[in-house]
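Next up is a structure, given as structure tokens.
The values are calculated or read from the model by the stated rules, or taken from the named source; none is laboratory data. Only a predicted model underlies this, so the values are computations on that prediction, with no experimental measurement involved. Neighbour counts run over all protein chains shown; Cβ positions are idealised from the backbone, glycine included.
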């Protein structure tokens, strides 16, 4: 399988991935991703070059967003002093479930972050999705803390504030990387 940068032509597929994932997660008892993701925000991240697609021939098997920008209000100033990259919206198509692709995408992200000069690969997960949190712990992430206070968008309770990190490192992820080299992080 190969990993490529997403293009605007991938927008509909990415939106359907999120709907598919939300439906599956709902069956597991979580309300994660129950609200539709704004297409314009997703398009902006595609155009920023932070969305990547895992492709199996012409089919899309998964996606991951990897960005040097932290979501506002999650990580403290001392943590933000360490060079880091942040994983968002990791999704594997249900047709590819059970093939360890999420793990390979996380290893690819950690390798890419390492090559960009990051010390940490960080993420935030849904605060009530304990199954997802266990998955990340099993993938070598360490829980940092859970942020529950309101977010800047609506002042309501934060739903995705379970913070975790693992050191970046070179990885033999087994994916053919067709992306350009990562930009070095600004320090």
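Restricting to segment 115-131, name every residue that is more than 16 Å from residue 86 (Cβ to Cβ) and touching a residue at least 60 places away in the same chain (Cβ under 8 Å).
128, 129, 131
From the residues in segment 2-44 that are crowded, with 17+ Cβ neighbours inside 10 Å and at pLDDT 90 or above, which one is nearest to residue 179 (Cα to Cα)?
3
Here is a follow-up. Answer yes or no: is there a residue in segment 158-166 that is at pLDDT 95 or above and either in contact with a helix residue (DSSP H, G or I) (Cβ under 8 Å, 6 or more places away or on another chain) or more than 28 Å from residue 19 (Cα to Cα) (or both).
yes
Taking strands (runs of 3 or more DSSP E) that do not extend beyond segment 75-187, which have at least 3 residues that are under 13 Å from the mean Cα position of the chain (by Cα) and crowded, with 19+ Cβ neighbours inside 10 Å?
On the way: elements: 84-92, 120-125, 142-146, 162-167.
Counting at least 3 such residues, we get 84-92, 120-125, 162-167.
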